[in-house]
Amino acid sequence: MRRSALVAILVVGTLLVPLAVFASHQFTDVPDSHTFHNAIDWMKDNNITVGCNPPTNNRYCPDDNVTRGQMAAFMKRLAENQVVDAATLRGQGTAAYQSPIWGTSIDVFAAGAAGITGSEIAGNIVLTLPVSPAADGILEVDYSVGFSGEMPYAGWVWLQFDDNTCHLMNDHVDGSAYPFEAETNLTDRFRQLSAIVGLDASAGGHRLYLCAANTGSNPFVRLSASLVAQFSAVGLVSG
């Protein structure tokens, strides 16, 4: 009686050991302890591989070489199943890898007010541009401003981000501020400035403000301007 019990225990133990050592999730030759078990499971889950022993295909053959034909099959399934897409890159959602563009412009005949307040240059909002990045990233902003007026006239142009105070010394976007000047000895009364700058932007709604200050003695007669912003989750769009 005791001997039978011992034999039964040994038999059960013999059956359990291989299952513990060689247990696999989807292929019999890829045990849970295999170095590439999780990666091979991922290949199977995404239908990049179907196995190496048709029609059963219950083995992966992890130590075999891959032929050029098999590699073509892997690549074809990878592309058709859209396994590697923007939703898996850098932890961002798919929308983060789109590059939306926002823009606005004006061309008006109007007097540009504002001048110098103490030591700070105060200006007017020329254009306002709402932007809505889908993720944290970079805004590449391109602006152009043209002035025409009775000479001499002078002033500054700059960008502000989420700040509509239009005070040059307060919080303008780095690299966006430029002076302009038209003197009396010039026959061309029209002056134009343009610049491209990049700035960090978090996901969500924001506003860009294109500001201008007339620091000269004569008003502007005509003002034309454009403001364009493009979003990139990885860096400046233009490189």
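The values are calculated or read from the model by the stated rules, or taken from the named source; none is laboratory data. Since the structure is predicted, the reported quantities are computational estimates derived from the model, not experimental observations. All Cβ positions, glycine included, derive from the backbone under ideal geometry; neighbour counts span all protein chains shown. All accessible areas refer to the heavy atoms of the entire protein, side chains included, with ligands and DNA or RNA removed. Shrake-Rupley method; radii C 1.70, N 1.55, O 1.52, S 1.80 Å.
Residue-wise test of (1) modelled with pLDDT of 90 or more; (2) assigned to a strand (DSSP E or B); (3) surrounded by fewer than 18 Cβ atoms within 10 Å (Cβ to Cβ).
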{"residue": "D163", "(1), (2), (3)": "yes, no, yes"}
{"residue": "E181", "(1), (2), (3)": "no, yes, yes"}
{"residue": "T184", "(1), (2), (3)": "no, no, yes"}
{"residue": "T187", "(1), (2), (3)": "no, no, yes"}
{"residue": "Y209", "(1), (2), (3)": "yes, yes, no"}
Exercise. Pairs under 7 Å by beta carbon, first residue under 22 Å from H34 (Cα atoms) and touching a residue at least 24 places away in the same chain (Cβ under 8 Å) in the stretch 55-74, partner small (G, A, S) and open to solvent by less than 50 Å² (accessible area, probe 1.4 Å), six or more apart or different chains?
Worked result: N58/G51; R59/G51; Y60/G51
For this session: Please work out which residue is modelled with the lowest pLDDT, limiting yourself to the stretch 22-60 and to residues that are within 19 Å of M71 (Cβ to Cβ) and among the hydroxyl-bearing types (S, T, Y).
Result: T49
Exercise. Which residue, of V66, V7, is open to solvent by 70 Å² or more (accessible area, probe 1.4 Å) and modelled with pLDDT under 80?
Worked result: V7
Problem set entry | Conditions (1) over 30 Å from A225 (Cα atoms); (2) modelled with pLDDT under 90; (3) surrounded by 12 or more Cβ atoms within 10 Å (Cβ to Cβ); number of the one not met by A95 | (1)
For this session: Give the stretch 108-137 a look and list any residue that's modelled with pLDDT of 90 or more and either open to solvent by 30 Å² or more (accessible area, probe 1.4 Å) or closer than 16 Å to G216 by Cβ (or both), or say none.
Result: T128, P130, S132
Exercise. In this structure, is I101 surrounded by fewer than 14 Cβ atoms within 10 Å (Cβ to Cβ), among the β-branched types (V, I, T) and at pLDDT 85 or above?
Worked result: yes
